[in-house]
Structure formats: structure tokens, C-alpha cells
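Below: one structure, written as C-alpha cells.
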Amino acid sequence: MNVYREEPREFATGDRLQFTATDKDLNVANRDLGTITKIEPGQLTVRMDGKEDRTVSFDPAQMRHIDHGYAVTSHVSQGLTEGRVIVNIDTDSSRNLINTRLAYVTISRAETDARIYTNDAETLGARLATDVSKTAAVDFRQPVVAPRRPTVEPEVHQYSDPNHRIAAVATAYMQRPDSSVIVAPDRAERQELNQLIRADLQAQGTLSPDSKSLTVHVEQPITNAKLAAQYTPGDLIQYGQGSPELHGINHNSVGTVLASNPQKNALTVQISTGDWATYSPHLTKTMTAESAVYRVEQREIAQGERIQITSAMAELAIRKGEFGTVTAISESRELDVQLDKGKTVHLDQRQAQHIEHGYAVEGIRAGAPERIIVTQEAALESQREIASLARSGREVSVYTSDGSSPAQALKNPTSLPQQKQIDTTANVIAQDNALTSPSVVAPEATQVQHRRGMGI
């Protein structure tokens with residue numbers, strides 16, 4: 001039995017709304033969120049949140065299980081991902097409410113910015129560190145500790161001529177191609193190395209001489225997506241969140257840039273229907289933030305090719321950055337790929353657009369081979385990454401032309417990235433202006449900054 005009490009609510013077009021009960025006829029679940037797009041006599045129309053472009057309409061006199069959707073509980077927020085999250089935490093609340101579970105669920109919802117408003121920044125960290133998990137019998141088993149890999153000192157090779165360095169890197173790779181990968185931060189150097197290694201592998205017979213030209217999407221480094229000048233005609237924009245009503249751009253669609261007007265800061269794109277749409281990227285904040293920009297290029301791919309996946313594919317349980325080997329190519333340019341982690345996947349034409357040669361790559365993630373060759377003009381940040389790889393027990397060789405050595409970087413611990421992390425800084429803003437402490441204690445893995453007053 002559920003008990004309800006009727007209360008009045010004022011709604012307007014544009015209001016955020018949440019459903020407070022499941023309705024199978026509307027195909028909505030308890031705590032689903034949406035935005036009111038139209039109010040008519042006896043009918044509300046709501047555009048539902050999510051990747052699917054879907055609206056529902058209902059009579060609010062019949063379906064009364066609705067409320068404003070601006071502030072929700074942490075339980076409701078589970079499974080949601082938003083660019084910016086604001087968390088209100090009263091430390092005087094029950095221990096069952098303020099604990100590690102609340103800290104994890106609320107802060108991990110944010111992609112770029114999380115802010116905590118609290119009455120007591122001094123004790124917040126201790127309260128959020130409270131563990132309320134239940135103990136099971138299996139928790140008393142002795143943990144199995146995996147042996148640590150020994151730190152291996154990077155092997156450094158210095159060349160005065162960059163051309164000699166590139167040739168030496170390609171030769172080193174060919175000595176053990178099955179267990180090696182090259183990290184080359186410079187794009188032109190990556191392309192040259194991939195061409196050299198592919199030619200050597202084809203001469204050996206490891207790589208089939210019958211290559212097929214595939215169209216791939218190369219993600220572009222956009223420093224400020226809000227500026228139209230950052231885009232070039234011909235660029236492809238993948239919209240995670242579109243603007244179907246204002247601009248005709250659907251969610252999860254692709255548009256082609258036709259023109260860029262820096263003076264008006266406006267983009268004109270051709271959308272999937274063939275129509276044109278013009279918008280200002282600095283005004284369509286959500287759509288701009290949820291988009292990625294690609295440039296179309298051609299890649300020669302053959303059976304036996306080493307590739308790196310350049311975009312996550314949730315439907316195939318593939319993470320961005322994984323390596324694999326092409327085992328078959330169809331006439332329609334679809335690929336069968338044996339991933340390094342063991343399983344074989346089939347990439348259709350759309351999925352096969354998000355691959356790159358896997359001999360020389362820009363960066364590596366989890367699952368990298370045991371032998372890593374780094375070619376670079378050694379900078380400090382690269383040195384720290386090299387040191388991190390060495391500490392992971394991998395065999396690391398550094399080929400450089402400027403005489404720099406990464407040995408000193410071993411004193412600056414960093415860690416090899418194992419998975420995509422949420423780039424979030426939680427800013428704790430105390431409500432009491434008398435608080436003068438420059439920082440607060442925060443739960444593990446949550447960076448917290450204390451600011452006086454209520455300034456944002």
C-alpha cells in the first residue's frame with residue numbers, strides 16, 4: 001500500500017519535471033526526468049531526458065504522479081550523468097544519509113563540475129567518510145595480493161638527427177612486433193612510422209598486401225568548442241545531445257560543417273535529413289558540450305593489421321584505446337577484429353570508422369603491450385609518463401633527439417591510466433562566512449576546495 005497526500009504545483013512550459021511513479025502506458029519509470037514543452041487544456045507534453053528523442057503526453061488530472069525536477073535525491077540520481085552537479089549536504093542529517101555511498105553517488109554523476117553546499121565544511125569530510133556497508137562472511141577471507149611488477153629503468157637512445165631516430169624506432173619495433181607499441185605524440189611522426197612498419201610487415205608476409213581503403217573519423221583537438229572559428233568546412237560534428245525543436249538537430253546525429261562565420265560566431269551544418277541548420281555554439285551550451293568533432297581521412301587496412309579503437313563502443317563492450325588485430329575484411333568494408341583481451345568482435349561500417357593504425361599511437365590506456373617504445377623530443381610531462389610506465393613493470397625504450405633523459409622523472413610518481421576517470425573537482429562552499437580554514441578534509445578520490453561565503 002502506498003500513501004499519498006495531494007499538494008498543488010505550478011508548472012510552465014520549460015519547467016523541469018520528474019515522474020514520481022511508474023506508468024506502463026506512458027513507458028515512464030519512477031523518477032524519470034524530462035522538460036515540459038507544451039501545456040494545453042487537459043494535456044502536458046514532456047520531452048524525456050536520455051539519448052533517445054522521445055516525448056510523452058498525458059492528462060495531469062489523471063496522471064498526478066509528477067513533481068518539479070530541479071532538485072532530486074541521491075537515490076534518484078543513480079545512473080544519471082550530467083555536466084554540472086550541485087549537491088546540498090546538511091551535516092546534521094542522519095548517519096544513514098551522510099556517508100561514503102552518498103559521496104560516491106552524488107559526485108560521480110558529474111562530468112566536468114561538482115559543487116557541494118554545506119552548513120559545516122569542517123566536519124563534512126569525516127561525515128562523508130562514514131562507511132555504512134554491510135559485512136558478509138566472504139569479507140573475512142584472506143585477500144589474494146597480486147605480486148608487484150618490478151620497476152624497470154627506461155632504456156634511452158639518443159640521436160642527433162630526427163630522421164635517424166625514426167628509422168631506429170621502426171627497426172626496434174620490427175624486432176618484436178607482437179608485443180610492442182610505439183607512443184609518438186607528434187601526428188606527422190606517427191603517420192610516417194605507421195607507413196614504414198606496414199611496408200616492413202607486408203614485405204615479411206605478416207600483413208596482407210591486399211589493402212582496402214577505409215574512411216575513418218579522426219577526432220580533432222578543439223580548444224574552445226564555443227568558438228565557430230575552431231571549426232572547418234567539412235568537419236563532422238557528432239551530437240550526443242541535439243536541438244530537435246529549435247534547430248532540427250536530433251540527438252545522437254551527425255552534422256557536416258558547411259560554413260563557419262567567426263564574426264557572428266555562427267556555424268552552418270548539413271544535418272542527416274539533408275537540411276541546413278545555423279546556430280551559435282556559444283548559445284547552444286548543452287548541445288556544444290555534448291558534441292565531438294571529427295575529420296574524415298582515409299586509411300589503408302589489410303588482413304593482419306594492428307589497430308587501435310578510437311571511440312568507446314558500449315554495444316560491444318569496447319573501451320576507447322583498446323588494441324586488436326584485423327582477421328577479416330568484407331567487400332563492404334566491415335571488419336572482424338581479434339581484440340588483445342581475447343574476444344573477437346565484428347565492426348560494421350559505422351563502427352569501423354573509429355579505428356586507427358595500432359603501430360604508432362598518440363597515447364595508451366589499459367591493456368597496453370608489455371613493450372613500449374617512446375619517440376619524442378623529451379619534455380617533462382612525457383618523462384613522467386615514461387617513468388609511470390617503467391614502474392608498471394613494462395619494458396620501456398625511449399628514443400630522443402634532444403639529449404634529454406627521463407631518469408629524473410622516476411622520482412615523480414604518477415600512475416598509468418587504467419580507465420576513463422571522471423574529470424571532476426568538487427568545490428565545497430560553506431554557508432558560514434566565519435569559516436576561515438583554507439581547506440577541508442575530503443573523502444578519498446574527491447578533491448575538495450573550501451571557499452568562504454556563497455560566491456560562485
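Per-structure values
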| item | result |
| --- | --- |
| Anchor residue 51: aspartates and glutamates whose Cα lies under 12 Å away (excluding residues fewer than 8 positions away in-chain) | 290 |
| Per residue accessible area in Å² of the stretch 313-356, where ligands, DNA and RNA are left out and the probe is 1.4 Å | 49 Å² |
| Heavy-atom accessible area order for 63, 1, largest first, 1.4 Å probe | 1, 63 |
| Accessible-area ranking of 217, 346, largest first, probe 1.4 Å | 346, 217 |
| Sites residue 93 and residue 175 - FRET efficiency at Förster radius 45 Å, r taken between beta-carbons, to 0.05 | 0.15 |
| Spin-label pair residue 330/residue 273, simplified geometry with 7 Å Cα→Cβ offset, distance in nm | 3.1 nm |
| Solvent-accessible surface (1.4 angstrom probe) belonging to residue 155, in square angstrom, nearest 10 | 100 Å² |
| Protection proxy ranking of 185-198, 255-268 - average other beta-carbon atoms within 10 Å, highest first | 185-198, 255-268 |
| Segment residue 218-residue 123, length gained on full extension (0.36 nm per residue, minus Cα span) | 29.5 nm |
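The values are calculated or read from the model by the stated rules, or taken from the named source; none is laboratory data. Predicted, not measured: the structure shown is a model, and the values here were computed from it. We place every Cβ from the backbone using ideal geometry, glycine too, and count neighbours over all the protein chains shown. The accessibility values were calculated without ligands, DNA or RNA, using every heavy atom of the protein model including side chains. Shrake-Rupley method; radii C 1.70, N 1.55, O 1.52, S 1.80 Å.
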